[in-house]
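The values are calculated or read from the model by the stated rules, or taken from the named source; none is laboratory data. Model, not experiment: these values are computed from the prediction. Neighbour counts run over all protein chains shown; Cβ positions are idealised from the backbone, glycine included.
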Amino acid sequence: MSYYFAIVGTKDNPLFEHEFGTSKQGGDGIARFREEARHMNQFIVHSSLDIVEEVQWGSGATYLKHIDRFHSNYISCFLTGTNAKFLLLHNPDTHHPSSSSLPPSASSSSPVTQFPRHPTPSTSSRGSTYGTPSSSYNPTAPAVEESIKNFFVDVYDAWVKTVMSPFYHVDGVVRSPVFRARVQGAARKFL
Amino acid sequence: MTSPPDVDPLKSPPAAESPAASIVLPKRRHSPSASLASLPYRRSNQSLSTLFASTSSLSKSRPSSGTATPTPSAHANSPFSPGPSNGASSPLVASQGRPDEPRNLILRSFVPHVGVLASVDTEEMLQEKGFPGGLLQLVRPFGELIPGKVTIRDSIGSNRSWEDFGVRFTGLKDGLKSARRSLSGRKSTDSRPDSRGGALDNVNPAWLRTGGDITQTEEVVDRHLSFAELQQDDISMDYLNHKEFSSGTPPASSPFHALYLRRLLSALPLSPHETFSHPVACVIAISSRCENPIEELRRLYGTTNTGDLRLPQWVDNSYLRYYVLVHDEDHDDVAKSTSLYQQMTRHFGLHCHMLRIRSNECLPSDDDSVRLPSSEWISSAEELAEIQRRETSDDVDDPTPCLFESDATAIRTFVRELVVQSVIPSMERLSAQWNEQVASRRRGLSGRFMSLSKKWTPFGSSSRNSSGPMSLNSGSNSNYDSLQGFYRPDAPEATMRKLADYAFMLRDFKLAQSTYDILRSDFNSDKAWKHYAGANEMAAISTLLNVQGLTNKTRTESIDQMLETATYSYTTRCMAPYYALRTLALGLELLRLRGSSAADDAARWGSRILEAGLVGPVGHAIFTERISACYASRKGIGSGSWGSRKRKSGLLAMLAADQWAKLGKYAQAEKALKEAKALYGVADSEGEGKKLPFDGMQMLSEELDEVLSANRMGSQEWGEDTIHPNDEPPVVEEVSEELETKPHRQSLIGVPAAPFAGLEATPLTPTRMEHAEPAVENQFEATETG
């Protein structure tokens with residue numbers, strides 16, 4: 001399980017980014033995104049702002065829960081008062097992370113050859129290179145939603161304290177190491 | 001250019017004869033390389049390019065547009081004008097590139113199939129005439145679009161006219177076996193182990209005429225793409241024009257996507273679970289040379305009934321037989337043929353026709369010669385074989401055979417008569433009959449009970465056995481033969497499926513939809529999964545084609561459900577990825593036409609295609625682009641345009657660009673990147689200095705820019721014959737010379753001469769090399785397997 005957490009300002013600009021892995025079930029807390037998945041995560045988070053803008057008026061809650069999915073990347077969202085959005089991307093499949101549509105495999109290695117010859121086995125193997133949603137992971141399960149909520153609330157706490165700093169202005173990038181440490185702590189605690 | 005000197009050049013320059021060639025040629029005049037057109041390698045390329053151009057669009061090869069005199073199209077003089085002029089008279093052409101094009105495409109892809117069976121003497125006569133494929137080759141292109149209006153009466157009794165009706169002429173056993181396709185999940189009675197021969201030319205032509213192979217579709221589209229890539233200067237203008245049509249608004253459809261879809265829907269394979277490709281009628285032809293004509297006709301009829309042309313037992317054998325006498329105008333006596341024809345009508349009734357054609361071979365230089373129009377709905381395998389044949393042959397001329405104008409007219413009359421007077425009336429009659437006898441019984445209240453009692457058998461299995469009057473396998477109440485996986489053609493379920501398919505082909509979508517709906521529950525209780533999937537697929541598609549104002553609720557509830565079930569059953573239960581792809585692709589197109597509220601659903605089904613891994617790399621890029629277009633078509637509300645999907649669309653366009661670049665299709669990549677930038681609001685024209693919000697996004701965009709501009713630079717440098725400081729090129733050249741397909745090789749011949757600027761783009765810089773390599777590999781695969 002890998003996570004990518006981003007705080008996005010009012011002009012779609014990132015204010016804070018952080019990557020981490022799960023600390024539960026013996027996880028070491030290190031994100032296992034592939035190298036090319038790094039910018040994909042940003043693209044995906046950015047694209048789900050479309051959905052955020054749509055659903056944010058639907059309910060009074062600030063925690064919007066799981067809102068979007070791109071292949072096996074799930075997005076959860078939390079809104080803050082200043083319209084800065086917390087977006088958490090969770091990717092359950094650590095072996096085939098979000099490479100999905102940037103398939104280096106699709107062009108460099110063999111799917112071309114694999115695909116036609118053995119339709120049956122390759123359907124499954126290709127499925128995984130493109131990042132099929134893992135069936136075992138359910139982003140809307142109450143336990144998952146609850147733990148993400150706890151994480152968001154914890155981060156929100158830290159966030160409010162950080163932006164209360166007199167030197168911070170709206171839509172500015174947050175560089176505070178203290179804040180980063182707080183996010184790390186929350187991640188270790190809940191995710 | 002190669003025409004014999006005695007021909008008046010004004011009248012019929014042979015190269016400009018086919019309508020497609022008349023589109024290609026004028027452009028060449030303007031390309032800087034026009035003077036090279038006389039060189040042999042350019043010329044053999046030309047016949048190939050005709051092929052590519054003619055197959056890239058639906059309507060250029062309309063039979064009626066084949067004229068003996070070349071009409072210089074208006075846009076020929078300026079390669080930059082959009083040029084809707086070539087054939088704007090036809091509504092079909094007008095619809096090309098317009099948003100409702102996919103709908104027309106779908107309507108035109110599910111049409112009645114008519115088998116063609118000719119006696120040996122007929123085939124001989126036509127082979128002398130220059131048609132090695134015999135009668136089928138001669139009539140096939142003419143069936144694709146019936147000239148004039150065709151009026152069809154629907155189940156309520158109202159008439160509707162269609163201008164774009166057509167039929168597919170096929171060989172009787174076409175579509176049974178394809179050159180390579182997995183036969184798992186379909187256990188037909190006579191399924192042979194499918195063997196994939198090395199080369200396509202060694203394969204039985206009937207196998208070639210079988211579609212339903214995703215891989216071959218990919219290969220064909222890949223060939224077209226590579227060709228467009230090579231011909232950036234002149235030919236690709238044709239491709240680009242389609243985009244320019246709708247500049248400003250998001251493009252309705254890229255020509256390659258349309259091609260992909262068309263090849264996907266061409267030559268539907270024969271399968272027990274749907275009857276679209278089952279013959280509706282069969283043309284049985286003899287010629288006037290035949291010595292014992294009536295006997296011969298009887299013999300031919302016999303072969304379709306009991307002989308070796310008998311279709312497998314899941315195909316209903318009582319299709320219409322249509323008897324044709326091919327009269328040889330040049331050698332035989334009309335009076336004799338007429339009396340024979342009268343004898344035929346006495347024996348066989350109304351379904352007869354006398355086709356009068358000349359048996360002499362028609363040369364392109366003859367006065368009233370017309371080239372045989374090219375078939376639009378050929379299968380991918382056929383097109384691949386054709387491309388290969390033209391690539392390897394040194395023949396300068398277009399190898400398409402010619403026929404006399406009078407012959408063409410005679411065939412058109414024949415086809416129209418066949419369709420309007422025999423095929424459609426008999427289909428109407430049969431569907432009315434089935435509707436009354438079989439389907440309406442199931443529609444009323446008692447029908448509901450019947451299906452209920454089928455589902456819930458409260459008295460246990462013992463009563464089940466006894467209560468099944470028509471059971472095939474004792475022990476089950478259903479007509480479904482689960483061992484072999486089909487319903488016998490006389491079973492009510494099979495009849496209803498046929499009724500629904502007939503209604504669909506006759507474009508009576510209401511009847512089709514209601515029948516498919518009944519079938520869904522039947523097939524489900526019989527656990528006939530492939531049939532079930534098929535009924536769900538077609539129910540969804542006919543609903544989408546039918547109801548104009550579909551509420552959101554019905555859409556999300558019923559259509560999503562049906563598409564979901566169909567896809568799941570096809571992929572998981574039946575291992576039939578082709579049908580799953582067809583379901584999803586059609587669902588995507590039709591939902592997209594439903595306006596912005598359905599665009600999300602359309603995009604969702606599109607992502608489903610990618611996630612399920614149904615397509616190869618080319619299809620992946622094409623569908624990624626398509627999903628981007630779906631999202632882009634969704635408009636937001638209010639000043640903030642809330643609810644629009646610009647960012648999502650941008651993401652997918654960016655991904656498509658990346659993918660095209662990785663496949664080495666730089667022209668496509670450039671287009672997609674431009675679109676992505678426009679969607680993100682950082683297009684070069686407006687957003688000077690603007691950056692994408694996230695670093696990683698900006699990075700990817702810049703990387704792509706770099707790759708593309710390196711590629712552009714590369715092709716320029718090549719033209720200017722600059723020495724590049726790069727030590728890789730020798731290796732690159734070696735690779736491409738060995739592995740590239742013909743067009744590339746041809747252009748390599750041309751390399752020493754400097755003025756070939758822009759004719760091709762060969763990898764030069766190391767950056768490009770990395771990305772170009774896979775493409776080379778792909779093509780190697782293509783040549784090896786193809």
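Per-structure values
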{"item": "Checking B:Ser633 against (1) among the polar types (S, T, N, Q); (2) at pLDDT below 90; (3) out of contact with any Pro (no Cβ under 7 Å at 6 or more places or on another chain), the condition it does not meet", "result": "(3)"}
{"item": "Hits in segment B:379-415 - residues which are buried (at least 19 other Cβ atoms within 10 Å of the Cβ) and more than 24 Å from B:Glu128 (Cβ to Cβ)", "result": "B:Ser379, B:Ser380, B:Ala381, B:Glu383, B:Leu384, B:Ile387, B:Gln388, B:Glu391"}
{"item": "Matching residues, segment B:265-293, being in contact (Cβ under 8 Å) with a residue 40 or more places away in the chain and polar (S, T, N, Q)", "result": "B:Ser266, B:Ser271, B:Thr275, B:Ser277, B:Ser287, B:Ser288"}
{"item": "Selection within segment A:15-31 - farther than 13 Å from A:Leu88 by Cα and in a strand (DSSP E or B)", "result": "A:Leu15"}
{"item": "In segment B:108-135, the residues that are over 17 Å from B:Phe169 (Cα atoms), part of a loop (DSSP other than H, G, I, E, B) and not charged (D, E, K, R)", "result": "B:Gly130"}
{"item": "Tally of residues being closer than 14 Å to B:Cys290 by Cβ, among the hydroxyl-bearing types (Ser, Thr, Tyr) and in a helix (DSSP H, G or I) across segment B:340-368", "result": "1"}
{"item": "Boolean, B:Ala632 is within 14 Å of chain A (Cβ to nearest Cβ), buried (at least 22 other Cβ atoms within 10 Å of the Cβ) and within 25 Å of B:Val221 (Cβ to Cβ)", "result": "yes"}
{"item": "Of residues in segment B:570-628 being free of Cβ contacts under 8 Å to residues at least 60 places away in the same chain, small (Gly, Ala, Ser) and away from chain A (no Cβ under 14 Å), the one surrounded by the most Cβ atoms within 10 Å (Cβ to Cβ)", "result": "B:Gly587"}
{"item": "Residue within segment B:268-275 that is part of a loop (DSSP other than H, G, I, E, B), at pLDDT below 90 and under 13 Å from the mean Cα position of the chain (by Cα) present", "result": "yes"}
{"item": "Those residues of segment B:480-513 which are farther than 15 Å from B:Phe110 by Cβ, assigned to a helix (DSSP H, G or I) and in contact with a helix residue (DSSP H, G or I) (Cβ under 7 Å, 6 or more places away or on another chain), in sequence order", "result": "B:Pro492, B:Glu493, B:Thr495, B:Met496, B:Lys510"}
{"item": "Count of segment B:143-172 residues which are under 17 Å from B:Glu417 (Cβ atoms) and part of a loop (DSSP other than H, G, I, E, B)", "result": "9"}
{"item": "Count of segment B:378-393 residues which are among the hydroxyl-bearing types (Ser, Thr, Tyr) and assigned to a loop (DSSP other than H, G, I, E, B)", "result": "2"}
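Residue-wise test of (1) assigned to a strand (DSSP E or B); (2) within 13 Å of another protein chain (Cβ to nearest Cβ); (3) at pLDDT 90 or above.
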position: A:Tyr3; (1), (2), (3): yes, no, yes
position: A:Phe33; (1), (2), (3): no, yes, no
position: A:Gly58; (1), (2), (3): no, yes, no
position: A:Asn83; (1), (2), (3): no, yes, no
position: A:Leu88; (1), (2), (3): yes, no, yes
position: A:Pro97; (1), (2), (3): no, no, no
position: A:Ser107; (1), (2), (3): no, yes, no
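This table checks each residue for (1) within 23 Å of B:Gln421 (Cα to Cα); (2) part of a loop (DSSP other than H, G, I, E, B).
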| site | (1), (2) |
| --- | --- |
| B:Ala285 | yes, no |
| B:Arg289 | no, yes |
| B:Glu295 | no, no |
| B:Asp308 | no, yes |
| B:Asp316 | yes, yes |
| B:Arg321 | yes, no |
